[in-house]
1. Over the range A:554-750, give the accessible area per residue in Å² for a 1.4 Å probe, as an integer.
2. Could you compute the net charge surrounding B:Met23? Neighbours are other residues with a C-beta less than 13 Å from the C-beta of B:Met23; K and R count +1, D and E count -1.
3. Measure off, as a whole percent, the carbon and sulfur share of the 1.4 Å-probe accessible area of the range B:2-105, all protein chains present.
4. Return the carbon/sulfur percentage of the accessible area of the range A:43-125, one whole number, probe 1.4 Å, all protein chains in place.
5. Could you compute how fast the range B:2-105 diffuses translationally, taking Rh as the Kirkwood radius over C-alpha pairs and applying Stokes-Einstein at 37 °C with viscosity 0.692 mPa s? Give it in µm² per second.
6. How much length is gained if the chain between A:Arg170 and A:Ser191 is pulled fully straight, taking 0.36 nm per residue apart and subtracting their Cα-Cα distance, in nm to one decimal?
7. Subtracting the Cα-Cα distance from 0.36 nm times the residue separation, let me have the gained length for A:Ser746 to A:Val439 in nm, one decimal.
8. Looking only at other chains, what is the average number of their beta-carbon atoms within 10 angstrom of each beta-carbon in A:65-73?
Amino acid sequence: MSWMIDRYQALRSLLRRGHLEDEVAEELEFHLAMRAEEYVAQGMTPEEARAEALRRFGSMDAYRKQTHQIDEDMARERRRTEIWDMVRRETRQALRSLARSPSFAVVAVLTLALGLGATTALYSVVDAVVLRPLPYDAPEQLVWLDSAVPGVAPDARWGLSEAGYLHFAREARGLASVGAFEVDNGSFATSDGALRVDVATVTASVMDVLRARPALGSLITPETDTPDARRVAVLGYDFWVRQYGADSRVLGTSVRLDDEPTEIIGVMARGLELPDDTVDVWMPLRLDPASRPVNVHGLSAIGRLKDGTSLGQAQAEITAMSARFPELFPSAYGESFMRETGFNTWVTPLAKHVVGDVDRVLWILLGSVALVLLIACANVANLFLVRSEARRRELAVRSALGAARGDLAWHALTESLLLCLVAYGLGLLLAHGALRLLVTLEPSGLPRLEEVGLGWHGAVVAAVLCVMAGVVFGLFPLARTGADVAALRESGRGLSASRRRNLMRGGMVVGQVGLAVVLLAAAGLMLRSYWTLHAVDPGLKPENVLTFDIVLPRTRYTNYDEVNRFHRELVSRLEALPGVTGVGAGSRLPLRDFGGCAGLSAEGVTPKGGLPPCLPVVGTAPGYFRALGIPLLQGRELTWEDLDRKADGVVVTKALAERMWPGEDALGKGIRGQGNGPPYYHVIGVAGDLRAHGLDKPPAEAVFFPLAPAAKDLPLWGPRRAVSVAVRTATTRPESLTPDVRRILSELDATVPLANVQTMERAVAKSPSVARATFTLFLLGIAGSMALLLSAVGLYGVIAFIVGQRRGEMGIRMALGARAAQVAGMVVLQSLRFTTLGIVLGLVGALAMGQVMSALLFEVSASDPLVLAAVCGVLVMLAMLAAYGPARRAARVDPAEVLRSE
Amino acid sequence: MQIDLLQGTLDMLILKALTGGAMHGYAVASWLQRTTDDALRVEEGSLYPALHRMTRRGWVKSEWGVSENNRRAKFYTLTAEGRRQLKEEFSAWERLTEAVAKVLHAQPAAQGA
């Protein structure tokens, strides 16, 4: 470190204030002495002379201050120019030196840039999704409220009932405000037809909870949020810009929303959305406290903690309030229900609710790319080592000739920092590109995607990594220059005391191989999960199916007949299109948001805690099963003729039939909605196993009702407004039907908007389980391949270097009778030795990694022997491949030539 | 009698003093005093800051040397830049004094005429 001290002292003397002050004092002392001498000559005593000289000089203080200030300025300026000069000089020198070995510079820069780019990109994703606070005022106070009944399949989270919401909103002391909302699709009339919009119906208190501000006009207030208030709407900012070009004259105008006149009273502030959804139009929920349905859960609810209230306190209060439900709402929540089901309302931090468990995937991925960066760094370090090897003689000679160690270090540092700077720039570009790609790919299941981008956080992290790398690379090859100088002194050619250096290099390669094993094993496990997931039979045939969504305006389609007539007409017109082999309409399609459930009673089954199981209820029009390719194991589905007669048949899935009526014939069994009303629906068909909630989830238990059920006791779904349609075609490009679909729909009813046109295959690929597996596999695959490539390069470099170093020894061996093949074998063996050691270490890491990522795996053991064996095989092959070139070179060593040059 | 120096004039005088060759600060002060027969009051306390300032501007450069009586002293020399500066200041000064003289010797015109 002495060179650093040298530098430091050089800089210090440049600015040394003490030194300057000494000079000034000396100059002044000279002046006073001369003046005093003059006075003594005129006859004064020395004391008088001195005093007179001082008096004549004037204000000593002002003098000091002025000179001091001038000197300071001067020193500062000099320092600036000197440092700048130094930087320029060193940079020029470094550039010249790098230009002499361009391949080294290019490989080092690219390797580093790849590593940095990948790490920065992933870090930016983690930052945007997990680390950055939600885009609300004081987001840490926001909570999600959710009633839940543990263990009631398949959807244990219910949301709040209206009565529950009103109870919490009025009584909870730990919450400053509680708001409830529903998100639905609506039809928005424009001059060129209907537009499907995302409508959030919210209580006025949601505005308080989110601390929403209008960009224009006013927001939803308690006055507009009453059952008899006029219909008003607040436009979402983006929708306002998209639809009205940000025209403020939209305020006070009336639009047709779901074919009803609605007054626009304001525009929401930019960027303010609901936690899980984008919102085009905000409308008041207009709950009626008088009706207060108690047993229908389905409201989403958010709250804001009071200042100073902890989450635990809020949870304790809400738990206590939930425990009083049997007393408050005896008709819905019996004592035994509460006791047996563990019903409660949970308070979750909003950020946790939004991000869910995606953070685990992201951290694993970030860890993986960080490992790649580590491998990249090891490679670059190796490059620097090899390069310094080539320049060791030069360095040692220069050092012996008296070049300051500091100077050498300074050069090396400038060089490496310069390389890292270029790599930094490239890396940021790469990261930016990768993030853009990610956002356009839209992996579903990744929340807050719209916030993902290369921010300053990512750039700073990359910069820190970069400087660290630069300093390490620059300095550590020099750590041994001292020994080299000693070696140089001892023998003219010497420089063979490099065992430690080789050890370091070998260690690095072993480490690289180890890390590659970890990453490849992770990618391999993910690949197997992915395959297994894809091999799962979803229970439907997604090929050749086009799907789209429509919304029927509430005002126009109010009853059973109107809804049925529209669907029947739509289905028959679509069926008449050439190439169409089946058309189905339903309130939900499998693998596309198949949630939402209603409590249903099954004939002859006593539910747990008196609580009817909450089962997905799906409204279907005739043709649904055929269009989607869902086999009916027993019975049949309803026909249009049945619907005309208001028949009461339903289809259930096999999983449901087996749980409700094990060992019995499900056909003919009764199913009833909540309440004690009369008619049972009767099972007329049983569908095959259907993985409707996700390929990684067990087969769904679901009941398929008529799309517009005739019975009155199913309050959850009156006539279905939002409907998804599936059209099976003979062609493999079902999307070619889109124009026809659009035409038919506009002919049928121009106020019905068309949205989300996509193939069923794409819908399956975008379903969360598949999308997440694809996304994770994609990134782990990239990380794994980079690790593999970089390790190969590293291994090759080291083996090639060792061969170069041992040429002499090999020549002698061959002169003594070793055959070329033996020498080549020696080289391959060396490569295998490194690899084996790396594999052993890596396997330990891979097992640990498998444990960490076991939650991401699907039906694959975290220590899957097949994957581990494959990884080992790949790396052994890699070791052979990396050794191939150097081994050939070793075999071609000419002993005579080597011996001559000895 | 003594005359207070005009702002900035000190620099010019010091530059002039140094045209004779390298001088230390005391010599500059003495020369100015001698040449003006003590008429110009040069506060020695402002002489050195002026020298420093001019060093910084590159008009003079300084060097430690040995004085006539064998003491260590800092000697100041005029640089080419300093010479140019002196020339400029000198001609400006001449223009100023001429102009002032013209005014002081002129007959004031009658008001209103």
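The values are calculated or read from the model by the stated rules, or taken from the named source; none is laboratory data. None of these values were measured; they are calculated from a predicted model. Because the Cβ atoms are built from the backbone with ideal geometry, glycine has one as well, and the counts that use them run over all protein chains shown. Remember, those area values only see protein heavy atoms, side chains included, never the ligands or the DNA or RNA. Shrake-Rupley method; radii C 1.70, N 1.55, O 1.52, S 1.80 Å.
1. On the way: 8100 Å² over 197 residues.
Per-residue accessible area for the range A:554-750 comes out at 41 Å².
2. Residues close to B:Met23 contribute a combined charge of +1.
3. After summing per-atom areas, the C and S share lands at 53 percent.
4. Working: 2760 of 4750 Å².
The value for the range A:43-125 is 58 percent carbon and sulfur by accessible area.
5. Values: Rh = 14.5 Å.
Estimated via Stokes-Einstein, D reaches 226 µm²/s.
6. 3.2 nm
7. Here the segment from A:Ser746 to A:Val439 would lengthen by 107.3 nm.
8. 4
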